[in-house]
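I have placed the structure first, in the form of structure tokens, so that the comments after it can refer back to it.
Where a number appears in this text, it was derived from the coordinates with a stated rule and is not lab data. Computed from a predicted model, the values in this text were never measured in an experiment. Backbone-built Cβ (ideal geometry, glycine too); neighbour counts: all protein chains shown.
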Amino acid sequence: MAMPSNYSDIVCRYFFENGYSNTDAVLEAVARRLKGSGIKTVVVATRSGRTAIKARNVLDAGVKVIAVTHVTGFNEPNSQELTDENRRVLLAEGVPVLTCAHAFGGVGRGFRNKTGTYQTDEIIAYTLRLFGQGTKVAVEITLMAADAGLIRTDEDVVSLGGTKEGVDTALILRPSTSAQCFDLKVREVICKPLDP
């Protein structure tokens, strides 16, 4: 009996818990999925820089890794969570480091902080969190990287997001810029936590 050719069975790894403890398993799943895929770019959310360094060390040298940090002042004024040492390591390894306003939390968040009224960007963020914090982060950093011109909008990328520290989610995305955010497509879920 011939199998229909209008679908593909793709394995997705689900974690029983979210958070940093999944980082190594995410990177292993991504490295495996990249083989033969033609995807050449991985966008990684990183606070201190540790996760981006791990990604660079685990993924093949031909894969471009882009590190996306929290905005300066995320936790306290004039403070950057990416350590100077980890920034030096990433740049020495050829990993671009992007620090800019969060696609789902820039001016809109400032407006909410002042007035208590949510804006469209934060509503989108809360909707994406239905799939998990890592999903929201992976989509957000892809928009940010496209806005900065670090990735193309006509080539799929893998984007890694997480919950607090490390990564627990990996998605294959067709990027867009934030001004065209609804053109972004989630093409595949490589892994994510079962419970957001």
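Output the number of residues of segment 162-180 satisfying the condition of being of a type in the set (Lys, Arg) and part of a loop (DSSP other than H, G, I, E, B). Within segment 162-180, residues that are of a type in the set (Lys, Arg) and part of a loop (DSSP other than H, G, I, E, B) number 1. Does segment 89-98 contain any residue that is in a loop (DSSP other than H, G, I, E, B), more than 21 Å from Leu34 (Cβ to Cβ) and not polar (S, T, N, Q)? Within segment 89-98 (the criterion being in a loop (DSSP other than H, G, I, E, B), more than 21 Å from Leu34 (Cβ to Cβ) and not polar (S, T, N, Q)), the answer is no, since none of the residues qualifies.
All conditions but one from (1) part of a loop (DSSP other than H, G, I, E, B); (2) over 17 Å from the mean Cα position of the chain (by Cα) apply to Ala101; the one that does not is (2).
Note on segment 1-39: residues that are assigned to a loop (DSSP other than H, G, I, E, B), under 18 Å from the mean Cα position of the chain (by Cα) and β-branched (Val, Ile, Thr) amount to 1.
The rows are residues; the columns are (1) out of contact with any helix residue (DSSP H, G or I) (no Cβ under 6 Å at 6 or more places or on another chain); (2) among the hydroxyl-bearing types (Ser, Thr, Tyr).
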{"position": "Gly134", "(1), (2)": "yes, no"}
{"position": "Ile141", "(1), (2)": "yes, no"}
{"position": "Leu171", "(1), (2)": "no, no"}
{"position": "Ser178", "(1), (2)": "no, yes"}
{"position": "Lys185", "(1), (2)": "yes, no"}
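Candidates Glu122, Glu165, Glu155: the one that is under 19 Å from Leu34 (Cα atoms) and surrounded by fewer than 24 Cβ atoms within 10 Å (Cβ to Cβ) is Glu155.
Residue-level analysis places Phe74 outside the set of residues that are assigned to a loop (DSSP other than H, G, I, E, B), of a type outside the set (Ser, Thr, Tyr), closer than 21 Å to Lys136 by Cβ and in contact with a helix residue (DSSP H, G or I) (Cβ under 8 Å, 6 or more places away or on another chain). Residues in segment 128-161 that are part of a strand (DSSP E or B) and either farther than 22 Å from Gly49 by Cβ or among the aliphatic types (A, V, I, L, M) (or both): Val157, Val158, Leu160.
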